[in-house]
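Below: one structure, written as structure tokens.
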Amino acid sequence: MDDPDFAKNYPNIICRKCEAPAVNSNGETPQFDSMGDFGDNPVYIDGAKCWRRYKFGGFITMRDDFNCENLDEFYDRSGFMKIYMGSFK
């Protein structure tokens, strides 16, 4: 990430170059709706499960070290919401 302050708001953030080979659960290029802030989750990078936060027509990819069942579990176990909400203080 070019901005370390931005990157620290996301657990296990994956840089754009490293996320390039990401695929969805069907082995296809992940799809997302840039207007609706949603898309494929989870995605896999070289076999590692990752989750994407879709927002403002783009996304941030984060590696899942916990093998979570869904995005909400990942947010909880990774501490994402505590980190995210702390950035507004």
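Rule-based calculations on the coordinates, nothing more; no lab input. Quick caveat, the model's predicted, so the values are computed rather than measured. Cβ atoms come from the backbone with ideal geometry, glycine included; neighbour counts cover every protein chain shown.
What 222 nm value per residue comes from the helices of the chain, counting each DSSP H run with n ≥ 4 as -39,500 (n - 2.57) and dividing by all residues, nearest 500 deg cm²/dmol?
Roughly -5500 deg cm²/dmol at 222 nm, from the helical runs in the chain.
Could you pull out every residue, at least 5 positions away or on a different chain, whose amide H is within less than 5 Å of the one on PHE38? Hs are placed 1.01 Å off N in the peptide plane, and Pro or chain starts have none.
ASP33
Given H placed on each backbone N at 1.01 Å, which residues far from LYS49 in sequence or on other chains put an amide H within less than 5 Å of it?
For LYS49, whose amide H was placed from the backbone, the distant partners under 5 Å are ASP64.
Along the range 39-50, what does the Karplus equation 6.51 cos²θ - 1.76 cosθ + 1.60 (θ = phi - 60°) give for ³J(HN,Hα), rounded to whole Hz, x for Gly and Pro?
x, 4, 8, x, 10, 10, 10, 6, x, 8, 6, 9
Among [x] -0.20, -0.24, -1.05; [y] -0.23, -0.28, -1.19; [z] -0.24, -0.29, -1.07, find the value of log10 I(q)/I(0) by the Debye sum over Cα atoms at q = 0.10, 0.11, 0.22 Å⁻¹ that was calculated from the structure presented, and write down its label.
Checked against the structure: label [y].
With each pseudo-label sitting 7 Å past Cα toward Cβ, what's the ASN70-SER25 distance in nm, one decimal?
Distance between label points: 1.2 nm.
Using the Karplus curve 6.51 cos²θ - 1.76 cosθ + 1.60 with θ = phi - 60°, work out ³J(HN,Hα) for each residue of the range 59-65 in order, rounded to whole Hz, and write x for Gly and Pro.
The phi angles translate into 7, 10, 9, 10, 6, 9, 7 Hz.
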